[in-house]
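Novice: Below you'll find the structure I mean.
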Amino acid sequence: MEITFRKLAGQPALGILFFWRLEITGGRPGTLADYLIPELYYDYLCIQRGQITAVDPAREIEFTLPQQTLRGLCTRPLGLRYITPLVLFGARLSLSFAEYYWEPRLKANTFLEQAWIGHRPASLAAFASQLTGYVRAHRARKCPYPVLNAALQETNWLSSYSARHKRRLYQSVFGLSRQALERVRGLHAFLEQLCDFEARRPHILAHVNPDRFYDQPHLNRVFKKMTGFSPLEYFATPACLQDNLLAASYNAPAGGQDML
C-alpha cells in the first residue's frame, strides 16, 4: 500500500493555512483504520475517490462522510475507516477563518455537509483555486472587530464585554468555550515538543509544562480523554492523515509545494 500526502501553500489572509491531497493506492481494494485528535483547526474535506466512515466512540455511533464536508473543532478523538483506493483533497482552516464564516454557527464535534467545490478537481492546484474563490466570495465578518489575536489572546474589543457575553461569542464564532479552546491548546503545547518517548523512554513528567499540566497523572487523564491514548501509546501509534496534518501544521514552510 502506498500513501502519498502533498500540500500547497494556502491563503492566510482568508484563514486558509494550506491545501493538501492524500492518496492511498496499491494492492486490492480494502479498508484502512485511522484516527483524528482534537486540534484548533477546521478542515474542509473533499472525497474524490473512495469512502470514509467516521466512528465517534463517545457517542457510540458511526456515519459515512458526505463527498464534501467541513469539520468543526473537536474536543474528543474520532476514528476513521477508509475504503481504498482513496483520493482525498482538503484545506486546513484557522480560527480566524471562523470569524468570517458566513453561516450562523460552527458546531463542535460535527461534520457539516457542504458544496464549495463545483467541479471535480483535476489537481491539488485546481482544488485550491476553486476553494479559494468560494471562500473569498462568501466570507462575512461575524463580529465588528477581531475576537482573538494570533496568540489566541482576547482583543481589547472582546475584553470589554462581560464574562456571560464573551461565552456566547466564543460559542457562536468558534463552536467551543474559551476553556475548551485552552484545553486543546494545552494538548498541542505538549505535542509540539516532539518528544521521542520510544527512543529514550524518559519520564514524561520531565516534559510537562507546569502552566498546563500540573502532574503526570493529570497529564495522563487529560491526554487519554482527548486522544484516546496514553502519551506513550500515542507516540507509538501511527496515524495516516493526522500525522501528516500535524507535521504540516507545525512545520509548514511559508510557501511552495512539498511531499511529506
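Here, each number is a calculation from the coordinates, and none is a lab measurement. All values derive from a computational prediction rather than experimental measurement. Cβ sites come from the backbone with ideal geometry, for glycine too, and all protein chains shown count toward neighbours.
Novice: Using a simple charge model, +1 on the beta-carbon of Lys and Arg, -1 on the beta-carbon of Asp and Glu, nothing else, what dipole does the stretch 1-57 show about its Cα centre, in debye to the nearest 20?
Specialist: 260
Novice: Then there is this: Please list 3J(HN,Hα) in residue order for the stretch 215-231, calculated via the Karplus relation 6.51 cos²θ - 1.76 cosθ + 1.60 where θ = phi - 60°; whole Hz, with x for glycine and proline.
Specialist: In residue order, the calculated couplings are 7, 5, x, 5, 4, 4, 5, 5, 4, 5, 5, 8, 10, x, 10, 6, x Hz.
Novice: Can you bin the chain into rounded, prolate or oblate? Criterion: square roots of the alpha carbon gyration tensor eigenvalues sorted a ≥ b ≥ c, rounded for a/c under 1.5, prolate for a/b above b/c, oblate for the rest.
Specialist: In terms of gyration-tensor shape, oblate.
Novice: Sticking with this structure for a sec: Just want to confirm a number: the relative contact order over the chain, from Cα pairs under 8 angstrom separated by 6+ residues, in percent.
Specialist: 23
Novice: Could you tell me which of 117, 193, 102 has its Cα farthest along the dipole of the stretch 63-193 towards the positive end, charges placed at Cβ (Lys, Arg +1; Asp, Glu -1), taken about the Cα centre?
Specialist: Value computed over the given set: 102.
Novice: Right, another one. By the gyration tensor of its Cα atoms, with a ≥ b ≥ c the square roots of the eigenvalues, what is the shape of the stretch 65-122: rounded for a/c under 1.5, prolate for a/b over b/c, or oblate?
Specialist: It is oblate, given that a/c is not under 1.5 and a/b is not larger than b/c.
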